[in-house]
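The structure appears right after this line, and notes come after that.
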Amino acid sequence: MERLKAESKQHKDAFTAANAEGQSKVAACRDEHSNLRKELEEAQKARETWAAERADLMGKIDARSSATVDVAHDSKHSGFVSKGKSAQTALAALDSAELRACDDGKCANLSDAMRTWRRAIDSLSAAMEGDDRMAQMVGYVEQISGDVHGLEKVDQPTDTDEFKETYAAISGNNRQVFEAMRGYLMTVAKNE
């Protein structure tokens, strides 16, 4: 009997210790949960503040863009051409059925098509000149400009298969860059 009492006391003490340890862990978890909830609330407040600041800055950028009269020099003419006109010219080339007909390199005059792309790229560059939002696109525009310039310098008849294939590849690259810029160009053209 004594042995049962001793075992019972031992189990009771073990249960009491385990219960105390469990309650301690529950309290620690509650504290951790409370701290995490506070951190989450602070992060949400910081996110809301950041979103409001971002919206305010974007509004200022939009207001500044529409209030500023941007003028780009058109090297093909003696005067100045507005960014809006440059954007309209670039869009006109992109949407030109005659230029699209040359995309596969099979049209009557690839030399004219190359000159059209050259003017379109010059207009695209003028439309985005000085706009920091377009900084990531500058490299692509420089690449297609270099490709067109390089093909214009090739001393080879435009009716060869090699020239036509090269033109088709360059035209495809040009069209990809212009299509990526379509929304921007439409916005700039609309602000004319």
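Bear in mind these aren't lab numbers, they're just calculated from the coordinates by the rules spelled out. Note that the structure is predicted; figures quoted are calculated from it, not measured. Cβ coordinates were reconstructed from backbone atoms using ideal geometry, including for glycine residues, and neighbour counts include every protein chain displayed.
Checking each residue in the range 102-136 for being touching a residue at least 40 places away in the same chain (Cβ under 8 Å) and under 15 Å from N173 (Cβ atoms) picks out C102, D103, D104, G105, A113, M114, W117, A120, I121, L124.
Report yes if some residue within the range 143-159 is among the basic types (K, R) and touching a residue at least 24 places away in the same chain (Cβ under 8 Å); otherwise report no. There is no residue in the range 143-159 that is among the basic types (K, R) and touching a residue at least 24 places away in the same chain (Cβ under 8 Å). Only one entry of M186, M181 meets the criterion of being exposed (fewer than 14 other Cβ atoms within 10 Å of the Cβ), of a type outside the set (G, A, S) and in contact (Cβ under 8 Å) with a residue 60 or more places away in the chain, and that entry is M186.
Scanning the range 112-159 for residues that are outside any helix (DSSP H, G or I), over 26 Å from the mean Cα position of the chain (by Cα) and not aliphatic (A, V, I, L, M) yields D155, Q156, P157, T158, D159.
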